[in-house]
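The values are calculated or read from the model by the stated rules, or taken from the named source; none is laboratory data. Note that the structure is predicted; figures quoted are calculated from it, not measured. Here Cβ is always computed from backbone atoms with ideal geometry, including for glycine, and neighbour counts include all displayed protein chains. Protein only, heavy atoms only, side chains kept; ligands, DNA and RNA dropped before computing areas. Shrake-Rupley method; radii C 1.70, N 1.55, O 1.52, S 1.80 Å.
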Amino acid sequence: GSGAGALISRITADPQSARVQRELLWADNYFADMIAETGVPGLLMMLIIVVGMLAGAVRLARAATEPVVATAAAGLAGVFFAYLVLSWGSQPLMGNPTLAAFWAYAGVLAVLRRLDEAGADEDAATASRAHDSHAQQPAV
């Protein structure tokens, strides 16, 4: 990569790229920006984070035992997918409001995962207590 914030100066240094910038304006492709500024390793790191959040939300939505958790996780999967789509035409993870929201959504996903685990543990404890109460009743 050329270093953080250096993409525009690198693009306009080339005469052909400068002409494209004048005629078409800046495309704001986040993936192209990440490759130019941080190289392939930086792009892969960001993709792993965003795709990992998307995959985690999809997994939780499919496997959650609590309906509210499954619904919220499905909504978060849509949000993380939207971040990927938005990255083709803008830079959603570079601005303060959307970057802060991304990490807030990541925190909500972590909380949802814990809520679902707590709900599953509570369901198992309730089932165990019900089984124990049936076992202790005298046979008629």
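What list of ³J(HN,Hα) couplings, whole Hz, do you get for the range 75-80 from phi and the Karplus terms 6.51, -1.76, 1.60, once you set θ to phi - 60° and write x for glycine and proline?
x, 5, 4, x, 5, 5
Add +1 for every Lys or Arg and -1 for every Asp or Glu among the other residues with Cβ under 15 Å from the Cβ of L47, and state the total.
-2
Around A106, what is the net charge, scoring Lys/Arg as +1 and Asp/Glu as -1 over all other residues with Cβ under 14 Å from its Cβ? Don't skip to the answer; put the middle values down first.
Numbers: positive: R113, R114; negative: none.
Net of charged neighbours comes to +2.
Per residue, what accessible area does the range 43-116 have, given a 1.4 Å probe and all protein chains present, in Å²?
Numbers: 4170 Å² over 74 residues.
Per residue, the range 43-116 has an accessible area of 56 Å².
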